[in-house]
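For reference, the structure discussed in these notes is given below.
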Amino acid sequence: MGKKKVIRISVLVSGNGSNLQALIDAIEDGSIENAKIVQVISSNASAYAIERAQEHDIPVNIITKHDYADIRDRMDAILEALNNESTDLVVLAGYLSILPKKVIDAYEERIINVHPALLPKHGGKECYGLKVHEKVIAAGETESGATVHYVDEGIDTGRIIIQGIVPVKSSDTPELLQARVLKKEHQILPEAVRMVMREKGW
């Protein structure tokens, strides 16, 4: 048998990049095999995720609203960056912009996102960052967690790949719950990448 193809992953980020780090670690320690992060695309020029990428010699593309005021131009730049690196899989890891139909169609069933709640609960336009955890606590939930799903044209509506559950404690603040959920994200995102690779026969 010939050598397996190396799957080329582009990771889109906006902030700290801890989920990016989880993927970098999983590839470097061999728990994700035959994959390489070929670039990081950041919507924020000062995101700490950029430093994480540079520490591991991963090329960085900074594509911001400041540089591309028109969303169509911005998304064309993202699409060009993905195509230039022959991207197989796009991972949204704390990426706070909504991808339009043009990008989703070009990478149909090849874009995944990690969301800090148990979808379909607590998803949608207003559910990001601490707001998600505020809503979970306000709803009196006893469980929360993280979901990795395929990206479709809806917001947080794509097919679910994997979920991880954490308890919601009576003493929780949104910040405490966020920290617990984030640890779960770090566990399930690499597993989701492995599952997608298996599903697609990569």
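What do you reckon, is Ile165 in contact with a Leu (Cβ under 8 Å, 6 or more places away or on another chain) and either open to solvent by less than 40 Å² (accessible area, probe 1.4 Å) or under 19 Å from Ala192 (Cα atoms) (or both)? When the stated conditions are applied, Ile165 passes them.
Only residues that are on the phi > 0 side of the Ramachandran plot and either touching a helix residue (DSSP H, G or I) at 6+ places or on another chain (Cβ under 7 Å) or of a type in the set (A, V, I, L, M) (or both) were counted across segment 66-101, and they come to 1. Among the residues of segment 79-102, those identified as within 17 Å of Ile62 (Cβ to Cβ), at pLDDT 95 or above and out of contact with any Lys or Arg (no Cβ under 8 Å at 6 or more places or on another chain) are Glu80, Ala81, Leu82, Asn84, Leu92, Ala93.
When every residue of segment 138-161 is checked against the conditions, at least one turns out to be within 25 Å of Arg8 (Cα to Cα) and either more than 17 Å from the chain's Cα centre (by Cα) or of a type in the set (Phe, Trp, Tyr) (or both).
Within segment 18-34, being of a type outside the set (A, V, I, L, M, F, W, C) and assigned to a helix (DSSP H, G or I) holds for Ser18, Asn19, Gln21, Asp25, Glu28. Of all residues in segment 159-178, those that are within 21 Å of Leu189 (Cβ to Cβ) have Cβ atoms under 6 Å from Cβ atoms of residues that are part of a strand (DSSP E or B) and of a type in the set (A, V, I, L, M, F, W, C), 6 or more apart or on another chain, in Ile161/Val148; Ile162/Val148; Gly164/Ala146.
The values are calculated or read from the model by the stated rules, or taken from the named source; none is laboratory data. On a predicted model such as this, the values are computed, not experimentally measured, just so you know. All Cβ positions, glycine included, derive from the backbone under ideal geometry; neighbour counts span all protein chains shown. To get the accessible areas, we keep the full protein, side chains included, count just its heavy atoms, and leave off ligands, DNA and RNA. Shrake-Rupley method; radii C 1.70, N 1.55, O 1.52, S 1.80 Å.
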